[in-house]
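Data first, discussion second: the structure below is written as structure tokens.
Just so it is clear, none of the values below were taken in a lab; they were calculated from the coordinates. The structure displayed is predicted, hence computed values, not measured ones. Reconstructed Cβ throughout: ideal geometry from the backbone, glycine too, with neighbour counts over all protein chains shown.
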């Protein structure tokens, strides 16, 4: 089992298999990241492909001592942000049909799946109402399981700023959810 | 004592616990479902084949944008710096010996520094975190207006200047300088286009501003006209003109973004 960094170094030196292995490892995760907020599956897939193309183009910049995951995540986030800004729109909410069609159910689906899906839908809808900088922090912390220092590095922000964004975002999220529940 | 010390969490453990508790709290409030956000399915084989095809196509025209970022940056900067050096050596402005040295150094350095900043933003790799909103929006506008600010800066010591600012028509002088500015910045645009791995948001404005700064740097070393009207019309408007030209040409040039599916 090669590490990401070993695969990237191998790709830089011209090993064609290494890039494929990296793609297999990260493409599904990046597609999940892209699909949060981008409704059209083709757009999300396009952005994943762009991410790997940019990774390939930047391979000579890669330093041996650098971690690959933050590199890849930063490329993906920058491309996603630019896509949303170019199309001048806020992230979109996945419709339940789209989410069901394009997703594999988790292996251990607890509780009532219908209720769970509806709840997820509500939270996703509330997430789209957050300001971009707060939503980004929450998504990375929550969905991508990244620590605050990792997120701070990724977003070029201080650790305290990231924590403040997370707490404000969480507070707003709760308010939005409460509004949805009451209405 | 030893036991007490070992039970005390380290700062990183404390941080981890805090983050964990925050995460747990969120999940309790909003439901565990989001922690199990499903992995989407797609035709990953087809997606990878398309990337491979694009990479193979790119290799046919020796992609300079695959060079290391420092190399790309230095190469793009050096196009303008070498041209400026050649002008200074072989065809400097006729009034160079009369022009105040401190002013010349100040203007050249200021234009050069901001040009370097613009090139850095143009060639900035995507694996670097995005610049702040303020930097993204202020830098290109400042780059566009900097030559105008410099043009309006009065030249106090030019009472002994041998070159009259009104030797020929203003319109002719303006056109000559604008054409010269456009021609002298063409190699920079060609280089920056070939070196860019992607076109960031505001690419045209940023490129126009960078070209305006480069052109003004070259004109500052070459053109002996010092009248405010000439400097405003013939030098300071160069960035705006280049922005306009790029906006017209942009749609005709192949885009570095490869759209795989659309």
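Specify the inter-centroid distance of the stretch A:1-75 and the stretch B:196-219, based on alpha-carbon positions, in whole Å.
Answer, in whole Å: 29.
Label-point separation (nm) for residue A:84 and residue B:249, each offset 7 Å from Cα along Cα-to-Cβ?
3.4 nm
Averaged over peptide B:181-191, how many Cβ atoms belonging to another chain are found within 10 Å of each residue's Cβ?
Per residue, the average neighbour count from other chains is 0.
Would you please give the FRET efficiency between residue A:39 and residue B:96, computed as 1/(1 + (r/R0)^6) with r the Cβ-Cβ distance and R0 = 51 Å, to the nearest 0.05? Before the final figure, lay out the partial values.
On the way: r = 61 Å, r/R0 = 1.19.
Between residue A:39 and residue B:96 the formula returns 0.25.
If you rank B:230, B:235 by fewest surrounding Cβ atoms within 10 Å, what's the result?
B:230, B:235
Can you pull the mean other chain C-beta count within 10 Å for peptide A:57-67?
Mean partner shielding for this stretch: 4.
Enter the mean number of other protein chain beta carbons within 10 Å of the beta carbon of each residue in B:125-137, as an integer.
Numbers: counts 8, 14, 15, 7, 10, 8, 1, 2, 2, 0, 0, 0, 0.
That average works out to 5.
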